[in-house]
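Below is one structure, written out as structure tokens, with a few remarks after it.
The values are calculated or read from the model by the stated rules, or taken from the named source; none is laboratory data. The structure displayed is predicted, hence computed values, not measured ones. When we count neighbours, we look across all protein chains shown, and the Cβ atoms used for this are built from the backbone with ideal geometry, even at glycine.
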């Protein structure tokens, strides 16, 4: 493995913030502050940097989300590989982050109830169907 491949690329939080502010110039002050705070959360070790995978995922969310559409934000947050679909493991992770007491078997059963494909992933529409069932 080359040295370059072993290195995890990092981006400074200030650079990330500047990129996002220029990416969506229509952000108001309140949303700009929220973005800055969310970026700071991604800097778990306090180094002032974040890895490029987290930054790419954050940009993916900002690009595709509507600020007040919680279902879309949840879907995009769960979609860590930016594939526009959610795997069972991605769904398990987001449900646990939301405080749900679920395990892999429970998630497998939930997804199997709504998934209409062989790979067991959820599109945005199927994710919405599942969320509606969970809310009921």
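Structure summary
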{"quantity": "Matching residues in the range 106-116 - criterion: being surrounded by fewer than 16 Cβ atoms within 10 Å (Cβ to Cβ) and not in a helix (DSSP H, G or I)", "calculated": "116"}
{"quantity": "Members of the range 117-128 that are surrounded by 10 or more Cβ atoms within 10 Å (Cβ to Cβ) and assigned to a loop (DSSP other than H, G, I, E, B)", "calculated": "117, 120, 121, 123"}
{"quantity": "Within the range 1-105, helices (runs of 4 or more DSSP H) holding 2 or more residues that are modelled with pLDDT of 85 or more and assigned by TED's automatic domain parsing to the domain that holds residue 116", "calculated": "70-78, 88-97"}
